[in-house]
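Asker: Take a look at this one; I'll ask things after.
The values are calculated or read from the model by the stated rules, or taken from the named source; none is laboratory data. Predicted, not measured: the structure shown is a model, and the values here were computed from it. Please note: Cβ atoms are built from the backbone with ideal geometry, for glycine as well, and neighbour counts cover all protein chains shown.
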Amino acid sequence: MAGVALVLAACDPKGSAPAPGEDAEASPNASILPGPRADESPVPGPPGQAQTATPQDAPDAGRRGMLADSAGRLISPDAGPPTALRPDRPLPLDPLAHGELAGITLQMSLKWRDVPAPPKGPEVGLDGIAKAAAATHLLLVVDLGEDGRARVVLSSRAFPLPPRTEIRARDDRLGSVLLWPEGDRYRPIAPGALRTLFGERRVDVSPLSPAQIDRNEKAASPKIEGLPQGLAAREVQLGSSFGSLTLLLATAPEAGRAGAPLCRIFVELGGMEPTSTICRSTEVPLRASFGWKGGGGFDVEAKVYTRRLDISPADMAVPPPNAIYTADDLPNVPVGVFLTKEELAAFRTKIMPVTPSSDAPGEGFFAHNETDLLQFLLLDGVPVVAVPPRSERYLVGPLLGTYMAQWRTFLGDHIEPAVPVILPGHVRVGKRSEADVAN
């Protein structure tokens, strides 16, 4: 046996065997060089193009490759606390494994609170309203890869950003990456800017509050389509100066380390520091309930849980490999109208004998936002348009009649009372300035 060992050693040019848990022949990660950290200086390049550090610039340049476990997952030998993404510089390429990844996909429903019901009456087109509500349903498709990457796809017309816009995050970084719907551009989002991105369609960094754990207890595993039975779960309630966030967290081995970045996204949306120790890599948030101190809020809940073995690394990489870095701008939202003329006309089955105001347009209505907030207008409980601050939008389609109108912000931290309005006409939130009145 000793002679056999000597022969094997002589055949190995390095004179050593693979490390325990490593399959040097089968693992696709053995030849992948590590990318530089996000907080290192990139090599200057042409503006608007992705830039990366050269191998000699990286502190790990002497390392021949990254270790991997028996499942092919990358192991960072010097892993430490996550570092913050830098929005003022492009990110180095993400050293994800080649080949398909394992993980899970969640279909998550985002629901606003205090949404008014449509008025009652034989002329109310309940079928048309239901179809419009389905078309504007706020759906999040969440992919969680075993390598600690999370991708959130906005799959609805009624988000503040265009459909198919993505938010990507990784377990070893704080902050996230915004990916354009076409997949050709990305922008790093610093910690503290995700809340303003969804609430105001801006990326200003706002102060975050430390998260206080008010409750942490075991919970029953939720009933979700496709979710394995008997998963360990807990419910955690966090409090801050903004309000409260209640998370239902479940242990899901298929998600690998991807539970932490998704948890941080929810914690940051709640106005809390994403460094909270409540976010563990082994747990996946399946429900998040946001409540604000001034009232209002919204809920995010997983409806479908799907195990995956075919996730593409390119779909999870942070940043995406073929996207160009940009330091400014956001995906374009040209109008912000969510429903067509025909869809709005289906809210009523016939014209009603009501008298519009003297300044009403011949058809349709103007939605006026006289506030400093991005405001969403709901008709009969369905979002129809998002109006930027101090702006207006013109919509056509509704038949002559009375509707229930409500203004609100996307995060639900400002919700106006629902009021009946006659359309065609004007639907307004906030007070007009003296200059506007004079004009």
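Asker: In the range 377-403, how many are under 11 Å from Val427 (Cβ atoms) and surrounded by 17 or more Cβ atoms within 10 Å (Cβ to Cβ)?
Answerer: Of the residues in that region, 10 qualify.
Asker: So for the range 226-247 (the condition being touching a residue at least 12 places away in the same chain (Cβ under 8 Å), touching a Phe, Trp or Tyr at 6+ places or on another chain (Cβ under 7 Å), within 21 Å of Ile104 (Cα to Cα) and surrounded by 15 or more Cβ atoms within 10 Å (Cβ to Cβ)), does at least one residue qualify?
Answerer: Yes, the range 226-247 contains at least one residue that is touching a residue at least 12 places away in the same chain (Cβ under 8 Å), touching a Phe, Trp or Tyr at 6+ places or on another chain (Cβ under 7 Å), within 21 Å of Ile104 (Cα to Cα) and surrounded by 15 or more Cβ atoms within 10 Å (Cβ to Cβ).
Asker: Still on this structure, please answer the following. Which condition from (1) within 30 Å of Asp413 (Cα to Cα); (2) modelled with pLDDT of 95 or more; (3) surrounded by fewer than 20 Cβ atoms within 10 Å (Cβ to Cβ); (4) out of contact with any Gly (no Cβ under 6 Å at 6 or more places or on another chain) is the one that Leu374 breaks?
Answerer: With respect to (1) within 30 Å of Asp413 (Cα to Cα); (2) modelled with pLDDT of 95 or more; (3) surrounded by fewer than 20 Cβ atoms within 10 Å (Cβ to Cβ); (4) out of contact with any Gly (no Cβ under 6 Å at 6 or more places or on another chain), Leu374 is out only on (3).
Asker: Do the conditions hold for Val267, that is, is it closer than 30 Å to Leu96 by Cβ, β-branched (Val, Ile, Thr) and touching a strand residue (DSSP E or B) at 6+ places or on another chain (Cβ under 6 Å)?
Answerer: Here the answer is no, as Val267 does not meet what is asked.
Asker: Just a yes or no: is a residue in the range 306-320 buried (at least 21 other Cβ atoms within 10 Å of the Cβ), more than 17 Å from the chain's Cα centre (by Cα) and either in a loop (DSSP other than H, G, I, E, B) or of a type outside the set (Lys, Arg) (or both)?
Answerer: Looking for residues that are buried (at least 21 other Cβ atoms within 10 Å of the Cβ), more than 17 Å from the chain's Cα centre (by Cα) and either in a loop (DSSP other than H, G, I, E, B) or of a type outside the set (Lys, Arg) (or both), one finds at least one in the range 306-320, hence yes.
Asker: If you don't mind, there's one more thing I want to ask. Scan the range 161-172 and give yes if some residue there is aliphatic (A, V, I, L, M), in contact with a Ser or Thr (Cβ under 8 Å, 6 or more places away or on another chain) and surrounded by 20 or more Cβ atoms within 10 Å (Cβ to Cβ), otherwise no.
Answerer: Taking every residue of the range 161-172 in turn, at least one turns out to be aliphatic (A, V, I, L, M), in contact with a Ser or Thr (Cβ under 8 Å, 6 or more places away or on another chain) and surrounded by 20 or more Cβ atoms within 10 Å (Cβ to Cβ).
Asker: Could you check the range 248-264 and list, in sequence order, the residues that are closer than 21 Å to Pro82 by Cβ and either in contact with a helix residue (DSSP H, G or I) (Cβ under 7 Å, 6 or more places away or on another chain) or buried (at least 20 other Cβ atoms within 10 Å of the Cβ) (or both)?
Answerer: Leu249, Ala252, Ala255, Gly256, Arg257, Ala258, Gly259, Ala260, Pro261, Leu262, Cys263, Arg264
Asker: Do you know which residues across the range 332-343 are out of contact with any Pro (no Cβ under 8 Å at 6 or more places or on another chain) and surrounded by 16 or more Cβ atoms within 10 Å (Cβ to Cβ)?
Answerer: Correct list: Val337, Leu339, Glu343.
Asker: Inside the range 344-359, can you point out the residues that are closer than 20 Å to Leu377 by Cα and touching a Pro at 6+ places or on another chain (Cβ under 8 Å)?
Answerer: Matches in the range 344-359: Leu344, Ala345, Phe347, Arg348, Pro356.
Asker: Regarding the range 276-294, can at least one residue be identified that is small (Gly, Ala, Ser), modelled with pLDDT under 95 and farther than 25 Å from Ala97 by Cβ?
Answerer: Checking the range 276-294: at least one residue is small (Gly, Ala, Ser), modelled with pLDDT under 95 and farther than 25 Å from Ala97 by Cβ.
Asker: Now for a different question. Just checking, does the range 194-208 include any residue being within 13 Å of the chain's Cα centre (by Cα), part of a strand (DSSP E or B), in contact (Cβ under 8 Å) with a residue 24 or more places away in the chain and on the phi < 0 side of the Ramachandran plot?
Answerer: no
Asker: To continue, here is another question. Quick one: in the range 103-128, of everything that is in a loop (DSSP other than H, G, I, E, B) and charged (D, E, K, R), which residue is surrounded by the fewest Cβ atoms within 10 Å (Cβ to Cβ)?
Answerer: Only one residue tops the list, namely Lys120.
Asker: Might you let me know whether the range 401-415 holds any residue that is within 17 Å of Arg113 (Cα to Cα) and among the charged types (D, E, K, R)?
Answerer: yes
Asker: From the list Asp329, Asp299, exactly one residue is surrounded by fewer than 21 Cβ atoms within 10 Å (Cβ to Cβ) and at pLDDT below 95. Which is it?
Answerer: Asp329
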